[in-house]
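A short write-up of the structure that comes next.
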Amino acid sequence: MPSSLEREHPFSATSALALAALAGVLHGACFAPLGVWPLSFVALAPLVAATRGQRLAAGFGLGWVTGTVAPGIAIVPWVAAATRDYFTQGSLGAVIFAFAVTQVMGALPAAAFGAALSRLSALRSGWARVLAVAACWTALEFARARALGAPWDLLAHALYAHPLWIQTAELGGAFLVSFVVAAAAVAAGEVLVAPSKQALSAAVGAGLVALAAGYGAIRLQAVRDGGGATLRVALVQGNAPNAWRLDVARADDALRAFVDASRSATLGRPDLIVWPENAVSFLLAPNPQVSRAVADLVGPDGPPLLVGGPRYAPGGEGRVRFFNSAYLLSPRGDPLAFYDKRRLVPFAEYAPVAHVPGLGWRFDAPGEYTPGATPTVFMQPDHFGVLICFEAIYPELARDLVLAGARLLVNVSNDAWFGTSAGLEQHFAMAVFRAVETRRAVARATNTGITGLVGPSGRILARFPTRVRDAWVVSAPLRDEVTPYTRRGDAFAWLATVAALLALLGARRSQ
């Protein structure tokens, strides 16, 4: 039979609710704009304590509280700001939309986690609960990433600026890092419930953290960002107002902004010049001014230039399909190759629903795009792959490019819609993990920031000012190794999912 610890509620209903809210505050504070990353190791502890011995419905509700408060701190403000700017909606409607999105992407998985915590209270062993609950958290992050397409602000992402803690991502991706951090928090929660009885639980949590730190220290010594082959890449930040992209009359002004910003970089003799996503907002094929501008900029012996812009192709039956693409242009401005974005942004690049019920909105994307199908690897001046905008949050897309032969990853993005909000930092944080998972440098060129370079170690080698028009030449390491995560993908996340299901089944039988 379960012990009294598992049967009884150690906290009153009011205290449990306060603990769930506290967990949300701690979790939300891990990420920008607050960015108190050490809190990630204890963020879930109050929820673990609050749900001890609770019924499933109560656990679900407590988890919902945590999952509502956390994105209310870290995500709702920037989603509302971007919605207000991009869709020109009113403030109230933008906040309602942001809240609705985070309810689906954040509160619902957190509520499921709260219910799982209630069920796993029946496990007799504290150390088993630590591992089982950490597996559940990991499984739900994995489900959120795969089923909902929303791997934003995973627990691991709070540690992006501290490479010691994220080296295990080369083994199991960000999900393995989240597992270790969650286990530490669960162990802290066990101690919070019964301080004198959970020495073994604390030892399991501390042991996993120590193993991750030890592995990180060893790998940071072994994975060098310097030495070996490099590619000199000019990262151009045009700082062109979004209004220019939407106004045909200002298209030439936007083009001129990127050309002017690039001139100083050409003096550094780069091997490749990179302009961000949608630096050109019009079709290249019928508009030769882009080719002329590139030829004038780099000269006949200059480097190729990567530029983001729309592309079209026949769609059959007299229709035309449009793509959000990246073109590689020769020094003469001729297209050498292109890549079509494979993961599109809902509501911005395609409309999953035409109307938001109850709000009377219609979301009309500036042009509904077609997703690309091929992980193109550009061959000049060396083998590199491109991730457009928020494709950088999907590890499987980076894996595809590396398996296709990419020695460098280039992320082009227009994050101007984030303004100066925390969305800028959170987006950049996820790009750091693609470097560690694949051991490929990530060179990032954006319209307004954050532009920078992440080394194969996960160290941020260069980070440049936001909201300025400039260009910087960086030496990006080129690598050929294939990591366990690149080969096996989300094997650890699947393993955690199976373990979580088995643990829940075992807990049910124990009740």
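Things worth noting here:
- Considering region 479-489, and only residues there that are open to solvent by less than 10 Å² (accessible area, probe 1.4 Å) and assigned to a loop (DSSP other than H, G, I, E, B), the residue that is farthest from Trp127 (Cα to Cα) turns out to be Thr483.
- Residue check, Gly268 out of contact with any Lys or Arg (no Cβ under 8 Å at 6 or more places or on another chain), surrounded by fewer than 21 Cβ atoms within 10 Å (Cβ to Cβ) and either of a type in the set (Lys, Arg) or in contact (Cβ under 8 Å) with a residue 12 or more places away in the chain (or both): no
- Restricting attention to region 105-154, the residues that are over 15 Å from Val204 (Cβ atoms), touching an Asp or Glu at 6+ places or on another chain (Cβ under 9 Å) and among the small types (Gly, Ala, Ser) total 4.
- Residue check: Ala174 meets all listed conditions (1) open to solvent by 10 Å² or more (accessible area, probe 1.4 Å); (2) closer than 21 Å to Glu396 by Cβ but one, namely (1).
- Here the condition is being more than 19 Å from Ala392 (Cβ to Cβ) and either surrounded by fewer than 22 Cβ atoms within 10 Å (Cβ to Cβ) or touching a strand residue (DSSP E or B) at 6+ places or on another chain (Cβ under 7 Å) (or both); of Leu504, Leu453, Leu409, Leu461, it holds for Leu504 alone.
- Taken over region 145-167, the residue count meeting the criterion of being of a type outside the set (Gly, Ala, Ser), open to solvent by less than 30 Å² (accessible area, probe 1.4 Å) and out of contact with any Gly (no Cβ under 7 Å at 6 or more places or on another chain) is 6.
- Out of Arg311, Arg319, Arg332, Arg292, one residue alone is of a type outside the set (Gly, Ala, Ser), open to solvent by 10 Å² or more (accessible area, probe 1.4 Å) and touching a Pro at 6+ places or on another chain (Cβ under 9 Å). It is Arg332.
- Region 335-347, subset touching a Pro at 6+ places or on another chain (Cβ under 8 Å) and in a loop (DSSP other than H, G, I, E, B), residue most open to solvent (accessible area, probe 1.4 Å): Arg343
- For region 295-319, the tally of residues that are at pLDDT 85 or above and either in a loop (DSSP other than H, G, I, E, B) or within 32 Å of the chain's Cα centre (by Cα) (or both) stands at 15.
- Number of positions in region 101-122 that are closer than 18 Å to Thr68 by Cα, of a type outside the set (Phe, Trp, Tyr) and open to solvent by less than 50 Å² (accessible area, probe 1.4 Å): 13
- On the stretch given as region 146-166, residues that are on the phi < 0 side of the Ramachandran plot and modelled with pLDDT under 95 total 6.
- Strands (runs of 3 or more DSSP E) contained entirely in region 384-469, each with at least 2 residues that are under 24 Å from Leu246 (Cβ atoms) and in contact with a helix residue (DSSP H, G or I) (Cβ under 7 Å, 6 or more places away or on another chain): 408-413
- Scanning region 222-250 for residues that are over 20 Å from Thr88 (Cβ atoms), surrounded by fewer than 19 Cβ atoms within 10 Å (Cβ to Cβ) and of a type in the set (A, V, I, L, M, F, W, C) yields Ala222, Ala229.
- Failed item in (1) in contact with a helix residue (DSSP H, G or I) (Cβ under 7 Å, 6 or more places away or on another chain); (2) part of a helix (DSSP H, G or I); (3) surrounded by fewer than 24 Cβ atoms within 10 Å (Cβ to Cβ), with Tyr215 passing the rest: (1)
The values are calculated or read from the model by the stated rules, or taken from the named source; none is laboratory data. All of these numbers come straight from a predicted model, not from anything done at the bench. Positions of Cβ are backbone-derived with ideal geometry, glycine not excepted, and every protein chain shown enters the neighbour counts. All accessible areas refer to the heavy atoms of the entire protein, side chains included, with ligands and DNA or RNA removed. Shrake-Rupley method; radii C 1.70, N 1.55, O 1.52, S 1.80 Å.
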